[in-house]
Every structure is written in C-alpha cells, then in structure tokens.
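Input: a single structure, listed below in structure tokens.
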Amino acid sequence: SHAKEILHCLKEKYFRELQDLEVDGQKVEMPQSLSWYPEELAWHTNLSRKILRKSPQLERFHQFLVSETECGNISRQEAVSMIPPLLLNVNPHHKILDMCAAPGSKTAQLIEMLHADMNVPFPKGFVIANDVDNKRCYLLVHQAKRLNSPCIMVVNHDASSIPNLQIDVDGRKEVLFYDRILCDVPCSGDGTMRKNIDVWKKWTTQNSLQLHGLQLRIATRGVEQLAEGGRMVYSTCSLNPIENEAVIASLLEKSQGALELADVSSELPGLKRMPGITKWKVMLKDGQWFEEWKDVPSNRQTQIRPTMFPIKDEERLKAMNLERCLRILPHHQNTGGFFVAVLIKKSPMPWNKRQPKVHQKLPQRAGDAEVATANSDNSSECVTEEPTLTENEKSEKMQELQNSNTEQSKKEGICGPPPSKKMKLFGFKEDPFVFLPEDDPLFLPIQKFYALDPSFPKMNLLTRTQEGKKRQLYMVSKELRNVLLNNSEKMKVINTGIKVWSRNSDGEQFGCAFRLAQEGIYTLYPFIHARIINVCIEDVKILLTQENPFLSKFSSETQKKVKDLAMGSIVLKYDPDPEKPEDLQCPIVLCGWQGKTSLRAFVPKNERLHYLRMMGVDVFKAKRKEEESESKTEEEVQHRLAQTEEGMDVEDKEHDLVTKMEAEIGEESSHSPVESSAMEVENKIEDLDQSSKNANSHVSQESKDTDTSNVKD
C-alpha cells in the first residue's frame, strides 16, 4: 500500500514538475514506466547523474529520490538486472537462495516479493543471500536492512562450494533444498560497456575463458541444492556465449534429463528479447579461433575446456531447447546487455542418486550423519569441492571435542561463528546470535507492558550478546530460526533479524526497560494489544514535524486516550478513511514515547520525510528554511534524535564500514542514493578489486575506532 502511495506521489507531483522543464537549454525528458515490469512499479529516466545532482530545478526531485532510497521505499537499479527476480515467480512460502547477492538490489526485489501481503508479519518463506566477498556482504546487509524483514539472512561463502544446510522437520534432520535459486554469477560484464568505461580498456576474450569454469561450478552447486520442481534463474551481464549458452548446455548435458530450460516467452510481455544461440566459436587472446575441442593444441587445453564448445549432435542439441534462453540487446529498449536462462529441476541430479552408498562408506560421528549425506554428491566428477570433506582426516579427539561444544551451544540457543579449525574466519569476527531462553526473566515485563498476544513467537527473539546487559532484541521468522540453530557450525552468518526492542534506561521506572524500535514495528504491531493510540492525520503531522510537542497540541480524542496511559513507549496508529480520498490512503504505524506532558515519535529522519511527503506536506521548503535560519536548536534536536534512534547498536560497526566503503567506492556503490539513470549497481567486474582494496584500508581504520574485541582485520 505504501508503494501505491509513492507511485501516486511521483506521478501527480514530481513528474508534473518535470513537464516543460529546461535544464542547460535542453528540455527534460519525462521518466517512462518500464512496460514489462508489473503494476508500473519500475520507471526509467534519462537524466544523467551530473544533471540530477547539480541542477537547482531538479533539486526537489533529487532530494525525493535520495530520501526515499534511504528508507527502502525505492531502489535504483539497471533495468535489465530487474528481470531475473521477476522470472523466478516467487511466492511468500518459497525458500530462496541468492548465490552471488552483493550489492543486493535483486535481493531487495526478492524480499519485497516474500512480503506481497502486508498483513502477514512472518511469511513462511525466507531469503538466504550469500556473497564470497566479506566486505561486499556489508553492502548487502545495508541494502537488505532498508526493507526491515525478519526473513532475510546474509551469509559469507564461496558460492561454488556453499555448504548444504540442514533443518529440523518434526524432530528429524533433513537437508534443506530451495524452491527458488537466483544464480547471478560473476561475469566479464561486456554487456555493461555503454556505461562502464573499464570494459573498453580491459576487455579480452581471456576474461570469459577464465570465468567459464567458475560460472559452471556455481551453477552446478545451485542445481544440486534446488528442490525437485524448483526454479533456478542463471544470469550474466555479458553477451558472450562462453559465459552463457556454453554453461547452460554443459549443465543440461551433465544433468542427463534432470533439468530442463523453461519456456518463458509468455512471461514479462513487452520485454523485447532474442532467443539463445546454438552455434559459436571459441577465440584465444591472440585471435586464434577454434570450432571444436579436437582442434585445440595440447598446450592450450588448460585455457580452453571441452565444455566451452557447442554440442555437435543435432538431436541432443535440439532436445536442449537453447533458444529458450533470453538475450537482451542494448539497442532494443535502451538498456544494458543481459543474458537469462530459467531452469526447472525435474528429478535429483544423477550424481546425487548415489548418496546412500557413500553414506555407508563414511562412518562419522552421530551429529554429522546428515552432513555426510549432504556432501556425498562430491564423489563423482562433479565440480563442487566442499570444505566439509576434509573433516574425515581430522583426529578423533578434535571431532569429539567440537561435537560436544556444538551440541552444548545448540541447547543454549547460541549460534556463534563456526570454529576456526573448521573454517578460516576472514573479515570481521561476528558476534554470536543468541536466542532468548524460554524462561528468560527479561521477557515477562515486556509481555505484560505491551499485552502481547499469546500467539507471539517469543522463541524467535534473539540478541547479539552472550554476557552482560542485552541492549537490543531482534526477531527472525520461525523458519530462519530453524536454519540458524541447525547450521551454526558450518555457516558464516553476517547478519539476520530485525530490531524490535531497544533498552531504554528511563523505561525501567515505568515498568518496562525496553522501548519499541521503528524498524520492527510493522512485524510486531499485530501482536501488541496495549499502549496503542489511534491518531488522526493532523496529529501525525504534528508528531512528525515537531520535536517534543505538548499534549495540548493534539486533538481532544488523542488527549483523552493518553490521559489513562502510564508513561513510556507507545504505538501510534493512523488508519486511512476511505470516505476522504484526498487524505493518505495507507496505514501508518509509528513508535512513540509518552512523557508527563508531551508525546513524541521515535522515527528516523528519512522515514519522517517519507510520511510527510505522502501526506502532501512540502518538506523541501521546510529544509530550505531550516538551512537558511541555521538555528542551533534545530541542530541539537537532530543530533539528539539521531542519537536516540541509533542507540548503541551492535551493528554500528557494520554501518560504519558500509558508510566508509560507500564514501570510498563512491558512485559505484549499490546504495549511493538514486542519482543515475544508466548505471548498474550489479557490476561484478573490475571495480570489485578496487573496492576490496579500499575497504581494506577502512578495516584497519575501523579497528582503531571500534572496540578491538569486535573487529578482526
């Protein structure tokens, strides 16, 4: 419902202001909606980054884009990179794996699809977003956090050997298979040459030859983890068949009928696409062409592999239906170049069928019996190399010791980082995820104060501290809790859960030491039965524009409701009136604080601006006046607000790193506010090296700024 309001606001206000506007003597082109994107929820603008940022006439529009991006209400993204999530056909109950997810625009689309129904606080599905680069994982967290979902987990693994996870199904351990997998692999990026100058300088045919093997390994690992009947979308921002059709053909060949290419010609009507190709040649860096593997001299057979060539057997080639792949060409609809293939899994992969034999051959400790099943698919010529296989070589003593530790921590509901013997920890050492014990005395006053519904899933509450005072309480869905508790020893989790309560020292005297956090209020609200005040639209405006308004400023109804309530954290709810269509037509839930004589909202600045915009308040002018007057009180208020909102969050170190990285990576970062029309945040090529180098210097700086126990350079 908020998206509809933003769309209405864009069309009726911001786009109208762009009509007949001239910048530097040129007429501004109106933004156009992408005809193939459902419900007009994607728009394209030809305004360049420079014009958008520098032109005074466009300042209002630019400010809107930046602010709404910060809140997670809009995302900037290359048009073609929006296609793979749409072709996954996600439903709210799907378990989804995003294999190479950073910087996170596609992940954000997937989260949005899970929460298609706003009235369901905990969809049954979840997204596990993975990236091999520890630094980029924090960009991913930053992107995903804007969407405030309890159903997202960010993990840090090599996608080509991402471990099999287990879940508890009715007291029985089972391997987790995903209903949907997004496999947007690293690529040479030649489809981005319209806007990526580096491609022109550094492109060679060698890039594809080097990446082909990795792409095939990642795709193979993906289909192994796909559930039968599930969908996997393979995509690249390249048009080179070595990275595209060659990978798909090799995967289909090796699957022996377990996989098929889906025909998606009727999906996304309006999208201009070309069919996949069936004939291509392979070229070396020096310009030598080869038509088939037998022509390749032996000294070149390490660079060129048999899987890079098209299949010669006409019948087998025809059965593959390679023409069902999608090739998006830049000049067809003013986009980047892109390749997409949609695969459906009809039966287990042939090398997975031999699992039981291997399972008997590998005697393992009881706790890892299922891990054996999970990893036995590496016994064939399969390209996957699971780190867990080396465990068999370890001494019995070490195994028993680790096993007892794992079992112990599972009982206590602690999901820490994997033991360093099992997996080399790199990047930051993450704090553990500790679930609140059933009988934790912390929870009782909270339950009483907010009159929480008996159905409230308190088992899903977690903190990030094992000792000392718990400062923040986070919440995950039941399904993610299951994943966390059963896999902490082999999975490096960077982040999961949304903040729902923050410790507030003033609160204790009023009966509850924890105040509500705005991030998690839409998840929490359905379970709260006390301390809710229904407010009218005028009251909402006062709450969002004034720092600490006296009760006398509010409507008499609100004053009456507040009179009987004890001081402390409250929920402020606005319900739209269908009989007043000119008013805001989506519900708003705000966290507030009731003092002795005043009432205030605890809402981050950009979110405040978002709600005010939706209510037709001109926040742009307000900002101008604020700047001109340079009133110190305003600055103090903002500073105080920021302090209250941020609190002393465990994720501060992540946020700092992201902010610094973004400053360094500059415009290329995924989260730099929406300032460009033709720039893809999904670039997976040369700029990564640079960003990693930059990030390294930040990590060393970070270790000076942050408590050394929290940071591992």
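Numbers below:
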read-out	value
Mean accessible surface per residue for the range 2-71, computed with a 1.4 Å probe while every protein chain stays in place, in Å²	57
Long-range amide H partners of residue 325 with built H, under 5 Å	276
Amide H within-cut-off set for residue 494, under 5 Å, with H built and near neighbours excluded	154, 155, 156
For residue 598, residues with placed amide H under 5 Å, excluding near neighbours	551
The range 2-71 - percent of accessible surface contributed by carbon and sulfur, probe 1.4 Å	47
Relative contact order, percent, the range 59-184 [alpha-carbon distance under 8 Å, six or more residues apart]	30
Computed label-point distance, nm, for sites residue 274 and residue 16 using a 7 Å Cα→Cβ extension	4.3
Whole-Hz ³J(HN,Hα) from phi, Karplus 6.51 cos²θ - 1.76 cosθ + 1.60, for the range 339-349, glycine and proline x	10, 9, 9, 10, 10, 10, 9, 9, 7, x, 5
Net length gained if the chain between residue 292 and residue 91 were fully extended (0.36 nm per residue, minus Cα distance)	68.1 nm
Hz values of 3J(HN,Hα) by residue in the range 5-21 - Karplus curve (6.51, -1.76, 1.60), Gly and Pro given as x	5, 5, 4, 4, 4, 4, 5, 6, 10, 5, 5, 4, 5, 7, 4, 6, 8
Average accessible area per residue (Å²) across the range 183-352 - probe 1.4 Å, nucleic acids and ligands excluded	42
Under the Karplus curve 6.51 cos²θ - 1.76 cosθ + 1.60, θ = phi - 60°, whole-Hz ³J(HN,Hα) for the range 250-265, x wherever Gly or Pro sits	5, 5, 5, 4, 6, 7, 6, x, 6, 10, 9, 7, 7, 8, 10, 5
Residue-normalised accessible area of the range 463-619, given per residue in Å² at a 1.4 Å probe	39
Sorted largest first, extent of the range 531-628 alpha carbons per principal axis (Å)	38, 36, 21
Distance (nanometres) between label positions extended 7 Å along Cα→Cβ at residue 59 and residue 312	6.9
Residue 561 versus residue 120: modelled label distance in nm, points set 7 Å from Cα along the beta carbon direction	2.9
Surface share of carbon and sulfur [accessible, 1.4 angstrom probe, percent] for the range 531-628	52
Whole-number D in µm²/s for the range 2-71 (Stokes-Einstein; Kirkwood sum over Cα pairs; 20 °C, 1.002 mPa s)	166
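The values are calculated or read from the model by the stated rules, or taken from the named source; none is laboratory data. A quick note: this is a predicted structure, and the numbers were derived from the prediction, not measured. Using ideal geometry, Cβ is built from the backbone for each residue, glycine included, and neighbour counts are taken over all protein chains shown. SASA here: full protein model, heavy atoms, side chains in, ligands and nucleic acids out. Shrake-Rupley method; radii C 1.70, N 1.55, O 1.52, S 1.80 Å.
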